[in-house]
1. Identify the residue in segment 50-75 that is touching a strand residue (DSSP E or B) at 6+ places or on another chain (Cβ under 6 Å) and assigned to a helix (DSSP H, G or I) and, among all such residues, is farthest from Leu156 (Cα to Cα).
2. Determine which single condition Arg83 fails, assuming it passes every other condition in (1) closer than 28 Å to Arg146 by Cα; (2) basic (Lys, Arg); (3) exposed (fewer than 12 other Cβ atoms within 10 Å of the Cβ); (4) modelled with pLDDT under 70.
3. List the residue pairs whose Cβ atoms are under 9 Å apart, where the first residue sits in segment 111-133 and is part of a helix (DSSP H, G or I), the second is loosely packed, with under 13 Cβ neighbours inside 10 Å and at pLDDT 95 or above, and the two are 6 or more positions apart or on different chains.
4. Do we find a residue being closer than 19 Å to Val65 by Cα, hydroxyl-bearing (Ser, Thr, Tyr) and surrounded by 11 or more Cβ atoms within 10 Å (Cβ to Cβ) anywhere in segment 138-156?
Amino acid sequence: MVRDARGTVILAGGEVRLFRSPAQVVDGSVPAVSGEITPEPTVPLRERLRAALPIAMKARDRVAVTVLRSTLAALDNAEAVDRPAAIDEQLAIEQIPVGVGAAEVERLVLTPEQVESIVRAELTERETAARQYEVAGRPERAEQLRSEAAVLSAHLAG
């Protein structure tokens, strides 16, 4: 069980809970405080993943850190926009913008459904690869991928 300053609690089974009030965890699983605990209302999946990353890093949970970094990178890649090459074709070489930020294009904004779809695709990819490793006779790698899939499943369920 790990808790950060924002009230995020990761329990032993990989379950993530966000609380508004600072909580003490009794017996390693039941959050309790002197006041009322109110779970965060519908925290977006991406925020839950971002909040879980530093906690997993502090807990030195390699599996969780690996899968969270990979999934967040997939989300960032999905937001990227290709800069059309036609922008510079009509300019002379001395008129082409150069320098920091000259080629910046506004990123896409993903909807919660798109974020969930990408995370589910990452989960499915790991499950499929685990089955393939199992068939290929690499049970240790298959188990690692299954544990990564379990981390993603926990975040999707939360």
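The values are calculated or read from the model by the stated rules, or taken from the named source; none is laboratory data. Quantities reported herein were computed from a predicted structural model and do not represent experimental measurements. As a convention, Cβ positions derive from the backbone with ideal geometry for all residues, glycine included, and neighbour counts pool all protein chains shown.
1. Step one: list which residues in segment 50-75 are touching a strand residue (DSSP E or B) at 6+ places or on another chain (Cβ under 6 Å), which gives 51-52, 55, 59.
After this cut, where a residue has to be assigned to a helix (DSSP H, G or I) as well, the list is 51-52, 55.
Numbers: Ala51: 14, Ala52: 13, Ile55: 17 Å.
Among those residues, the one meeting the criterion is Ile55.
2. Exception for Arg83: condition (1).
3. Tyr133/Pro139; Tyr133/Glu140
4. Looking only at segment 138-156, we keep the residues that are closer than 19 Å to Val65 by Cα, and these are 140-156.
Still in the running and hydroxyl-bearing (Ser, Thr, Tyr): 147, 153.
In the following step, the residues that additionally are surrounded by 11 or more Cβ atoms within 10 Å (Cβ to Cβ) were identified as 147, 153.
Yes, some residue in segment 138-156 is closer than 19 Å to Val65 by Cα, hydroxyl-bearing (Ser, Thr, Tyr) and surrounded by 11 or more Cβ atoms within 10 Å (Cβ to Cβ).
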